[in-house]
Amino acid sequence: MAHSNETYPNRFDFPYPVLMICGPSGVGKSTLVGSINKIVDIYEPSISHTTRLPNLDQETPGKSYYFITREEFLAKMNAGEFAETNPYMKGSLYGTAWSEFGRIGGLNKVPAFDIDINGVIQLDKLIPRSKTCRLYLDVSEDEQRYRLEKRGRDNQEAIEKRIKYAKEEKQQLLEIIKTDPTMFQVIDYNNFDPNLFAHQLINHLVYQSEIVGS
């Protein structure tokens with residue numbers, strides 16, 4: 001079977017940079033994308049496939065994620081249907097299908113990814129950097145814990161697992177930028193208001209202004 005990226009020969013021809021936002025769980029990545037779209041209706045969140053079970057009180061299948069079985073995920077991966085894949089915390093599988101580029105392009109919008117570092121590394125090999133904006137929203141451990149507790153989705157054990165994973169990812173980030181300083185723009189996001197930062201980020205994406213705090 002042909003690799004599914006061949007279905008979208010112009011998949012990266014978007015009018016503005018493809019947005020990739022990384023950072024610790026609970027930092028506010030999805031909130032930031034929502035804040036951007038309240039100002040300008042340019043970006044469309046990419047919807048990932050995942051093998052984890054949905055939280056039906058807070059998530060809508062087909063809107064929050066595409067929820068599929070592990071067997072279905074592996075079959076799609078073997079068929080070349082994913083642009084990037086990653087096991088989160090060595091557990092559930094997550095991935096972005098090539099078809100998401102076609103879906104979002106069909107809406108005349110630009111993809112916005114709430115994604116982890118490994119996903120960015122994979123997409124960076126596929127999309128020219130001149131066509132992407134790669135951000136890492138950095139917060140302290142105490143701030144991450146506060147935001148996760150305020151979000152109210154996880155018990156304390158799950159929160160500590162997320163914090164542990166964030167530490168490991170931060171170490172990975174530091175190793176990457178030692179050898180490739182332009183891979184990420186690291187933003188000190190401890191005291192940023194998402195609405196104010198959204199305005200600043202739009203100016204950067206649309207008018208190429210500098211991002212304060214990077």
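The values are calculated or read from the model by the stated rules, or taken from the named source; none is laboratory data. Since the structure is predicted, the reported quantities are computational estimates derived from the model, not experimental observations. Neighbour counts are summed over all protein chains in view; Cβ atoms, including those assigned to glycine, are modelled from backbone coordinates with ideal geometry.
A few comments on the model shown:
- Residue identified as of a type in the set (G, A, S), over 23 Å from I21 (Cα atoms) and out of contact with any Pro (no Cβ under 8 Å at 6 or more places or on another chain) among A79, A83: A79
- The numbered conditions (1) farther than 23 Å from D188 by Cα; (2) at pLDDT 90 or above are all true for I115 except (1).
- Unmet requirement for P181, which otherwise passes all of (1) at pLDDT below 90; (2) farther than 28 Å from G91 by Cα; (3) in a loop (DSSP other than H, G, I, E, B): (1)
- Qualifying residue in the stretch 86-109 (condition: surrounded by fewer than 21 Cβ atoms within 10 Å (Cβ to Cβ), in contact (Cβ under 8 Å) with a residue 40 or more places away in the chain, within 27 Å of F184 (Cβ to Cβ) and among the acidic types (D, E)): no
- Within the stretch 17-34, the set of residues being touching a helix residue (DSSP H, G or I) at 6+ places or on another chain (Cβ under 9 Å), outside any loop (DSSP other than H, G, I, E, B), modelled with pLDDT of 90 or more and not β-branched (V, I, T) comprises L19, M20, C22, L32.
- Residues in the stretch 167-176 that are under 19 Å from the mean Cα position of the chain (by Cα) and loosely packed, with under 15 Cβ neighbours inside 10 Å: K167, E168, Q171, Q172, L174.
- Taken over the stretch 112-166, the criterion of being in a loop (DSSP other than H, G, I, E, B), surrounded by 13 or more Cβ atoms within 10 Å (Cβ to Cβ) and of a type in the set (K, R) is satisfied by R153 alone.
- Residue match in the stretch 5-16 (condition: modelled with pLDDT of 90 or more and under 13 Å from F113 (Cα atoms)): no
- Across the stretch 32-71, the qualifying residues are those that are surrounded by fewer than 13 Cβ atoms within 10 Å (Cβ to Cβ) and either in contact (Cβ under 8 Å) with a residue 24 or more places away in the chain or under 13 Å from the mean Cα position of the chain (by Cα) (or both), and the one among them that is nearest to P87 (Cα to Cα) is N55.
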